[in-house]
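None of the figures in this text is laboratory data; all of them are computed from the coordinates on show. From a predicted model like this one, the values you see are computed outputs, not experimental measurements. Positions of Cβ are generated from backbone atoms using ideal geometry, with glycine treated the same way; all protein chains shown enter the neighbour counts.
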């Protein structure tokens, strides 16, 4: 039969479609095959036309796909079979994966035909398997992590929760999935976390914060969080991912280091404190001696008793101040008067400074606002800086201490400046002085922890600590603490 131009035109289209097409007649012999199938299988036209599936496809594929039986079923029932996968492997040909379907066709003069459509999905299958491997690998990494790894929807609701999250908080995935992540925080931290999540949802933003969360057992633990957004290929926000690190051990170690630094500072304070105690005790002792020698003078007895009482109270105040400084303390922020903290610090070390002929000039702003801070920790910061100045001026010198408010940006900062005219810091040491265990003191004279602890405490308060120095001219330490409205 001679084909018309239209038939030839459509045959060319079908022959060049990017899928393989075979048409079988009712006896399951091939009556049409397109170029794509011949290219993929490397078969000649005469090796396919008029042949059955057993002569075209490898036996393993026929057994696996049950293709002959399916072809017969379509011929008999006249119903198509939806897509399925088959793997085609022939000698000398790399294996291919096909997605195929069988569809009934009405042939010439009512003869039944079956069209086999085969789409090569080898590359898609390979990519899909690569994605699965990557997903399994990432899931394994997340589950083996020591930190909490959590994913959130765009509203902050928890959608996944890893094993570390269960171990650290005591909450299983079933107990937290569907809850808003702020429900794990203490009430005072929940609003701050909401603001951080809102900021982290912006493209390219990574936000960090430290909050207290309440475990299933009711214990409060500090967790350092980092949040960033997850986006689709189109750049649309699909959620957020958060990583939370349990700071329990870090906080305990930090507290131990701070306490060790306090005890180290006591060595510097000891001489001054001994002198401070000697004065009130000496006055009390002298008054008691007079009391015993002249017991018949009521007015003198009253004066002696008053001096003894005053001396004992002064000694008690000195000892109490020393104990408050030396004993371990937990972090507790409250409205704090920085000028008062500085005055208490100078009371502790003032005598030692004067003994070494160091004169202190203070310029404390009377209009300083209170800031939300831990006064005990800031006292440790100020003492460490003053002790550094003390060590830098072994033959005496001047120490200026100033407080003021810096209003140049947001937030405003409360600024505390310590300036001395001591030995100064060599240029090569400036970048190292806040490193743990770095010290220029002789062996056994310093731990190298003082300024490192200062740096950590100030950073925990959201502030900064800066240093400027010229060797032989002195140093200036500046502590900036944020003022929260």
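Data for the structure
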item: Per-residue Cβ neighbour rank within 10 angstrom, fewest leading, 22, 43; result: 43, 22
item: Highest average packing first - 233-242, 468-477, Cβ atoms within 10 Å; result: 468-477, 233-242
item: Burial order of peptide ranges 50-56, 163-169 (average beta-carbon count within 10 Å, highest first); result: 163-169, 50-56
item: Proxy reagent accessibility, fewest Cβ within 10 Å first, across 431, 337; result: 431, 337
item: Which of 27, 65 has the fewest Cβ neighbours within 10 Å, and the rest in rising order; result: 27, 65
item: Inter-part distance where the stretch 357-423 and the stretch 210-225 are each reduced to a Cα centre, Å; result: 34 Å
item: Peptides ranked, highest mean first, by Cβ atoms within 10 Å: ranges 383-392, 75-84; result: 383-392, 75-84
